[in-house]
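Asks: There's a structure below that I have some questions on.
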Amino acid sequence: MRGPGRYSENVRISKRFPIYKQKETTFLQVGGSWTNPFNRKTPYISDTTVGDATFGQVFAGGGGKILQLDARIEF
């Protein structure tokens, strides 16, 4: 039995800043990643037993956005 398709998006953005002008190998990188930016629900089939009252019904669960911020120093 096949269920409905799943869609998921991930967005990542970052910026790199030089810290020490005389030594061009030291940087501060600040960024963030965002999972499920459109707040999509994940459809699923909970009952796959033939003959049950809820057999094959599609439910929507999950969802929720996750935002993660980060910073790192490269040298």
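Asks: Within the range 57-75, which residues have the backbone N less than 18 Å from the label spot 7 Å out from Val30 along Cα→beta-carbon, could you tell me?
Replies: 67-75
Asks: Rounded to whole Hz and in sequence order, give me ³J(HN,Hα) for the range 59-71 from the Karplus expression 6.51 cos²θ - 1.76 cosθ + 1.60, θ = phi - 60°, writing x for Gly and Pro.
Replies: Each residue's phi maps through the Karplus curve to give 10, 10, x, x, x, x, 9, 10, 10, 10, 9, 8, 8 Hz.
Asks: Would you kindly derive the ³J(HN,Hα) couplings of the range 26-34 from the backbone phi angles with the Karplus curve 6.51 cos²θ - 1.76 cosθ + 1.60 (θ = phi - 60°), listing them in order in whole Hz, with x for Gly and Pro?
Replies: These are the phi-based 3J(HN,Hα) values: 10, 9, 10, 10, 10, x, x, 10, 10 Hz.
Quick note: the coordinates plus some simple rules give every number you see, no bench work behind them. This structure is a prediction, so every number in the text was calculated from the model and none was measured. Because the Cβ atoms are built from the backbone with ideal geometry, glycine has one as well, and the counts that use them run over all protein chains shown.
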